[in-house]
Amino acid sequence: MLTNTSDCLLCFSKSPLLLHSRGSAFHKCGNCGAIFRDGADDLTPEQEKERYEAHNNHPDDPEYSSFVAPIVDEVEKLFTPNKSGLDFGARPVPVITTLLREKGYKIEPYDPFFHDQPELLKKQTYDYIACCEVIEHFGDPAREFKLLRSLLKPGGAMLCMTELYDESIIDFKKWRYKDDRTHKFFYTRSSLEWIRDNFDFASLEVNGRLVSLAAS
């Protein structure tokens, strides 16, 4: 049942209804600045998996390799091949894992639908975690960021790609990014700063779609 107010999925503050669009309701948090889809509109896990299976992403596709290049390049810039990495939310074909392994990097793919290896999330830590077009799919971003931060070694980094919302340049009503039903949570600069400050990250850098959160 849709409500006019819902608790923010990240900071749990009361968040009023922002608008209805294409059969979904969206709330905007006045505390952290995030926007999120009402939970009543969530797809079932089966529907969500079917949507991901329709994605035709492959490391041999020059266009998609170029798309993920900001994360691959950042890993190469910050870390040597002997450092350990996790490709979190790797999708059916783990493109980032494949491209980095070709360069000699040690990285493992994890995805709850396609590479469900829960042991990778227990009793192991990583120098870097790649999340390419993943964090907007989080139905419980507070839980996910807490988990991912706990998996980072000191001096490590979480490297994410997502499309940030900026109300000064984007009309949310016309924003196509929100129309993907698997996209549940939309980040702003202020919500990323909230994540930095509340999940014990040392720094935040935003360069276009690339978001880097470094551990102390």
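Values in this text are rule-based calculations from the coordinates and carry no lab data. Given the structure is predicted, the values throughout are model-derived calculations rather than measurements. Don't worry about glycine lacking a Cβ; one is built from the backbone with ideal geometry, like all the others, and counts go over all protein chains shown.
Within the listed set 82, 57, 31, the Gaussian network model of the chain (springs between alpha-carbon atoms below 10 Å) gives the highest mean-square fluctuation for 82. Relative contact order, whole percent, for the chain stands at 19, derived from Cα pairs under 8 Å and 6 or more residues apart. For residue 38, the residues 5 or more places off, or on other chains, whose built amide H falls under 5 Å of its own are 25, 26, 27.
The distance from the alpha carbon centre of the stretch 24-86 to that of the stretch 148-181 is 8 Å, rounded to a whole number. Global size of the stretch 3-118: 18.2, 51 Å for Rg and Dmax (C-alpha atoms, Rg to one decimal, Dmax whole). Estimated from helical segments only, the mean residue ellipticity of the chain at 222 nm is -7500 deg cm²/dmol, where each DSSP H run of four or more residues counts as -39500 (n - 2.57). Coupling constants for the stretch 111-121 follow from the phi torsions by the Karplus curve (6.51 cos²θ - 1.76 cosθ + 1.60, θ = phi - 60°), and in residue order they are 7, x, 9, 10, 9, 7, 10, x, 5, 5, 9 Hz; glycine and proline get x. Among 156, 33, 23, the largest mean-square fluctuation in a Gaussian network model of the chain, built with springs joining Cα atoms closer than 10 Å, belongs to 23.
Considering only 186, 26, 114, the Gaussian network model of the chain with Cα springs below 10 Å gives its largest mean-square fluctuation to 114. Rounded to the nearest 20 debye, the dipole size of the chain about its Cα centre is 480 debye, using +1 on the Cβ of Lys and Arg and -1 on the Cβ of Asp and Glu. You can think of it this way: the chain between residue 78 and residue 55 has 5.4 nm of extra reach, that is 0.36 nm per residue less the Cα-Cα gap.
Under 5 Å from the amide H of residue 215 lie the amide H atoms of 155, 156, 157, 158, 202, each residue being 5 or more positions distant or on a separate chain, with H modelled from the backbone and absent for Pro and chain starts. The value of relative contact order for the stretch 9-112, using C-alpha pairs under 8 Å at least six residues apart, is 17 percent.
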